[in-house]
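Okay, so here's the structure we're looking at.
The values are calculated or read from the model by the stated rules, or taken from the named source; none is laboratory data. Please read all numbers here as calculations on a predicted model, not as lab measurements. FYI the Cβ positions are ideal-geometry reconstructions off the backbone, even for glycines, and counts take in every protein chain you see. Calculation scope for accessible area: heavy atoms of the full protein, side chains included, ligands and nucleic acids excluded. Shrake-Rupley method; radii C 1.70, N 1.55, O 1.52, S 1.80 Å.
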Amino acid sequence: MIVIDGSQGEGGGQILRSSLALSLVTGKPFRIERIRARRQKPGLLRQHLTAVMAAARVGAAAIEGAELGSQQLTFVPGGLHGGVYSFQIGTAGSTTLVLQTILVPLFFAETASTIEIEGGTHNSNSPPFDFLTRSYLPLLRRMGARAEVELVRPGFYPAGGGKILVTVEPSRLGRLELLERGALIATRARACVANLPYDIAQREVAVVGDKLGWTELQARTLTDSVGPGNVLTLEAEYEHVTEVVTGFGERGVRAEEVASRASEEMLRYLSAEGAAGEHLADQLLLPMALGGGGEFTAVTVSSHTTTNAEVIGRFLDVRVGIEGGR
């Protein structure tokens, strides 16, 4: 049995999610210890526990230690099965992180899957729905993946209540080459508010216009959110890749500050070299390692990326070469 140290590298939930995904595809059981040891609240939180249970469902797995706060888990997969699945996080925990755990494995199932996940859809410190649809999934489709994702209802912290619907077809993942961004096609900014004053969104896109000089600016009010929320999405679409930067409204933080931070992050990407942004680079290693391989350039090599490479090496006989650094 493979033993994973959950405190290695960045020491967060990605180690768990990658281990679950790799175990599902390879059929190799594992035990992970010191889960999320480097986080303020170590162990399994609600969204991590939901990811474990989702993996166990699609992989007919036997599990030990699957409870809130647990810092150790044993996972023994029994075989991938497509089907109709529904998972409720029960909090505003990230639906996209739960999906991240089972999406790539389900490409290797023999039958199609339909997945409904309820929780948060736009969360800080996790890939928001827009990143999934505009940046990550297009590259998976380029590799040969067949998947569609629909935002049924947005969900923000702390109320949650969001829902995504995903369809996955069995797919053979080919090689990915992403060495250059290509020509810049379009830039867009969209600020959305739910159960909050509309002028927050207007102020945010005004700052983006001033700082980035962008002209395609949109402010919207969402009417189907359970609780209040504010998300600012900046999108730079190139020929070969789309970078998505997201800012989230916070209590006590002015709209101008939210927009300024997001604009500065986008400026760093626009002025850097490399095709994949920091967060996209974290996501690409797993499908490439399980599929046809490939190579990509990135603006930076984060601890998430290097840790993911280490976990992949525990399950697969592949070499993940990383050249350069921050």
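What percentage of the solvent-accessible surface of the stretch 138-224, computed with a 1.4 Å probe over protein heavy atoms, is contributed by carbon and sulfur atoms?
Details: 2230 of 4540 Å².
For the stretch 138-224, the apolar C and S fraction of the accessible surface comes to 49 percent.
D for the stretch 1-110, whole µm²/s, Stokes-Einstein with Kirkwood Rh over alpha-carbon pairs at 10 °C and 1.306 mPa s: what number?
On the way: Rh = 13.6 Å.
The diffusion coefficient I find is 117 µm²/s.
Counting Lys +1, Arg +1, Asp -1, Glu -1, what net charge surrounds Thr167 among other residues with beta carbon under 12 Å of its beta carbon? Working shown, then result.
On the way: positive: Arg146; negative: Glu116, Glu148, Glu150, Glu169.
Every neighbour counted, the sum reads -3.
May I ask for the net charge around Ser86, where only other residues with Cβ less than 15 Å from the Cβ of Ser86 are counted and Lys, Arg are +1 while Asp, Glu are -1?
Residues close to Ser86 contribute a combined charge of 0.
Using each residue's phi in the stretch 297-304, evaluate 6.51 cos²θ - 1.76 cosθ + 1.60 at θ = phi - 60° and report the 3J(HN,Hα) Karplus result to the nearest Hz, with x for Gly and Pro.
9, 9, 6, 7, 10, 8, 5, 4
Find, among the GluC sites (Glu not before Pro) in the stretch 1-109, those assigned to loop by DSSP (not H, G, I, E, B) with at most 13 other beta-carbon atoms within 10 angstrom.
Numbers: sites: Glu10, Glu33, Glu64, Glu67; in loops: Glu10, Glu67.
Loop-located and lightly packed - Glu67.
Tell me the relative contact order for the stretch 201-283 as a rounded percent, counting alpha carbon contacts under 8 Å between residues six or more apart. It would help to have the intermediate numbers written out before the result.
On the way: 76 pairs, mean separation 25.0, N = 83.
After rounding, I find 30 percent.
Computing the accessible area with a 1.4 Å probe over protein heavy atoms, can you report the carbon and sulfur percentage for the stretch 239-326?
Reported share for carbon and sulfur atoms: 42 percent.
Tell me, what HN-Hα J-couplings in whole Hz come from the Karplus equation 6.51 cos²θ - 1.76 cosθ + 1.60 at θ = phi - 60° for each residue of the stretch 218-230, using x for Gly and Pro?
Using θ = phi - 60°, the values come out as 9, 10, 9, 10, 8, 9, 10, 8, 5, x, x, x, 8 Hz.
Quick check for me: using +1 on Lys/Arg Cβ and -1 on Asp/Glu Cβ, what's the dipole size of the chain about its Cα centre, in debye to the nearest 20?
Value, rounded to 20: 640 debye.
Compute the Rg/Rh shape ratio of the stretch 195-326: radius of gyration over Kirkwood radius, all on alpha-carbon atoms.
On the way: Rg = 18.0 Å, Rh = 16.9 Å.
Reported Rg/Rh, Kirkwood definition of Rh: 1.06.
Which values of log₁₀ I(q)/I(0), to two decimal places, follow from the Debye formula for the stretch 105-177 at q = 0.12 Å⁻¹ with a uniform point scatterer at every Cα?
Rounded to two decimals, the profile gives -0.36.
List, largest first, the extents of the alpha carbons of the stretch 82-139 along their principal axes, each in whole Å.
Principal extents (largest minus smallest coordinate, Cα): 34, 29, 13 Å.
When Rg is the radius of gyration of the Cα atoms in the stretch 95-252 and Rh is its Kirkwood radius, what does Rg/Rh come to?
Result: Rg/Rh = 1.00.
Residues of the stretch 1-39 with the amide nitrogen closer than 11 Å to a label point 7 Å from the Cα of Leu316, along Cα-to-Cβ, please.
22-23, 25-26
Write down the Å³ per residue value for the convex hull defined by the alpha carbon atoms of the chain. Each step should come with its number before you reach the end.
Values: hull volume 38.6 nm³, N = 326.
So the per-residue Cα hull volume is 118 Å³.
For the stretch 155-238, what is the Kirkwood hydrodynamic radius in Å, using each pair of distinct C-alpha atoms?
On the way: mean 1/r = 0.0646 Å⁻¹.
Here the Kirkwood hydrodynamic radius works out to 15.5 Å.
Where Rh is the Kirkwood radius over the Cα pairs of the stretch 264-326, the temperature 25 °C and the viscosity 0.890 mPa s, what D in µm²/s does Stokes-Einstein return? The partial results should precede the final answer.
On the way: Rh = 12.2 Å.
Stokes-Einstein gives a translational diffusion coefficient of 201 µm²/s.
Can you work out ³J(HN,Hα) from phi for every residue in the stretch 51-61, in order, using Karplus 6.51 cos²θ - 1.76 cosθ + 1.60 and θ = phi - 60°, giving whole Hz and x for Gly and Pro?
4, 4, 5, 5, 4, 5, 5, 6, x, 6, 8
What does the net charge come to around Val25 if you take all other residues with beta carbon closer than 15 Å to its beta carbon, with K and R at +1 and D and E at -1? List each step's numbers first, then the result.
Details: positive: Arg17, Lys28, Arg172, Arg314; negative: Glu110, Asp317.
Net charge around Val25: +2.
Tell me, how many Å apart are the Cα centres for the stretch 179-212 and for the stretch 253-326?
Between the Cα centre of the stretch 179-212 and that of the stretch 253-326, the gap is 22 Å.
Accessible area per residue of the stretch 50-176 at 1.4 Å probe, in Å²?
Result: 39 Å² per residue.
Quick query: amide H of Ala219 versus all other amide H atoms, modeled in the peptide plane; which residues come in under 5 Å with a sequence gap of 5 or more or a different chain?
Residues meeting the amide H criterion: Ala191.
What percent does the relative contact order of the chain come to when contacts are Cα pairs within less than 8 Å and at least six residues apart? Kindly include the intermediate steps, with their values, before the conclusion.
Working: 778 pairs, mean separation 49.4, N = 326.
Taking the mean separation of contacting Cα pairs over the length of the chain, I get 15 percent.
Amide H of Ser86: which non-local residues (sequence gap of 5 or more, or other chain) have their own amide H closer than 5 Å, using H built in the peptide plane?
Excluding prolines and chain starts, which carry no amide H, the hits are Glu116.
Return the long-range amide H neighbours of Ser94 (sequence gap of 5 or more, or a different chain), with a cut-off of under 5 Å between placed amide H atoms.
Amide H neighbours of Ser94: Gly120.
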